[in-house]
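The structure under discussion appears below in the form of structure tokens.
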Amino acid sequence: ALVYLNGEFQSLSEARIPVLDRGFIFGDGIYEVIPVYGRKMFRAKQHMARLFRSLDAIGIPNPHSEENWMALIQKVMDAHPSDDQMVYLQVTRGVAKRAHAFPKEVTPTVFIMTNPLVLPSAQVRADGVACVTMEDRRWLHCEIKSISLLGNVLAAQHAAESGVTESIQFRDGWLTEGSSSNVWVVKNGVIMGPPKDHLILEGIRYGLLQELCEQHGIPFESRKITQEEVFAADELMISSATKEILPVVRLDAQTIGNGAPGPIYQQLYAAYQAAKHA
Ligand code: PLP
């Protein structure tokens, strides 16, 4: 396996960055995670568009054209033995003397690696997963896919210490998202997700689920959702590149719906698998 770092393809153990990289010093950078099925990136265009939005949002000049990005990723993918992979790419502002504001002359650090894609097992999908609620204490630019992930790290650790799959966060009583996933509520046949604003990261699966719902005649709404509505859901789901869609059947001490993965989940999961292999 190879990684790409600043123009070089090398082994992960050889890859080095200077300690004054602003990613290390300030968490000053952005990233992407792209699922690969059968050696093909899934929703590559959408991931590229989000990468470019992230760079733009924090004023890092895009170091590559879309074509170049795709070629670099392809080379890293080709060197990996797995057919199904999870590509991770990160761009930081670069290396400079430590001072908070943007340095004048600086070259972005670009890193690409890939790993086998490990999806939830059939047993986990059949049973559904448990989650815990917590207050969302992250910053107010959650729409940027920033490498400054301390809030998300603490939320994931809270889930781990609670022995569950994910933390579901609320800000002042309103549903936001998981530590590394979007959250979906089904009530009376309608699937709902929180608005695409600065309080959540718009997952690539957000648009995908919206499209799949449209294709299958499932009513879809983006709107503010209360904590009470989440607990009263018929079905609850989380989505991310590495989880695809997962049914949540327990939240804190409460059972969601009838405690088993529901029909809308089943339908969307089947549609997701079909889209993957299309
Ligand atoms: N929200 C957060 C905070 C995330 O980190 C992620 C991705 O891991 C998502 C949502 C889901 O995004 P995607 O569907 O692009 O994986």
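Laid out as a table, the results:
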quantity	calculated
Index of the failed condition, Val118 passing every other in (1) over 19 Å from Thr165 (Cα atoms); (2) modelled with pLDDT of 95 or more	(1)
Answer from Phe24, Phe42, Phe9 - the residue that is at pLDDT 95 or above, surrounded by 14 or more Cβ atoms within 10 Å (Cβ to Cβ) and either within 19 Å of the chain's Cα centre (by Cα) or on the phi > 0 side of the Ramachandran plot (or both)	Phe42
Every residue from segment 70-105 that is in a loop (DSSP other than H, G, I, E, B) and of a type in the set (Lys, Arg)	Arg93, Lys97, Arg98, Lys104
Extreme residue, farthest from the ligand (Cβ to nearest atom), among residues of segment 217-249 that are of a type in the set (Ser, Thr, Tyr) and surrounded by fewer than 21 Cβ atoms within 10 Å (Cβ to Cβ)	Thr226
Selection status of Glu32, crowded, with 18+ Cβ neighbours inside 10 Å and modelled with pLDDT of 95 or more	yes
Number of positions in segment 164-188 that are under 10 Å from Met134 (Cα atoms), of a type in the set (S, T, N, Q) and touching a Cys at 6+ places or on another chain (Cβ under 8 Å)	1
Segment 81-102, residues that are in contact (Cβ under 8 Å) with a residue 60 or more places away in the chain, on the phi < 0 side of the Ramachandran plot and in contact with a Lys or Arg (Cβ under 9 Å, 6 or more places away or on another chain)	Thr92, Arg93, Val95, Ala96, Arg98
Residue check, Cys142 under 28 Å from Arg223 (Cα atoms), surrounded by 21 or more Cβ atoms within 10 Å (Cβ to Cβ) and more than 12 Å from the ligand (Cβ to nearest atom)	no
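The values are calculated or read from the model by the stated rules, or taken from the named source; none is laboratory data. Since the structure is predicted, the reported quantities are computational estimates derived from the model, not experimental observations. All Cβ positions, even for glycine, are placed from backbone atoms using ideal geometry, and neighbour counts span all protein chains on display.
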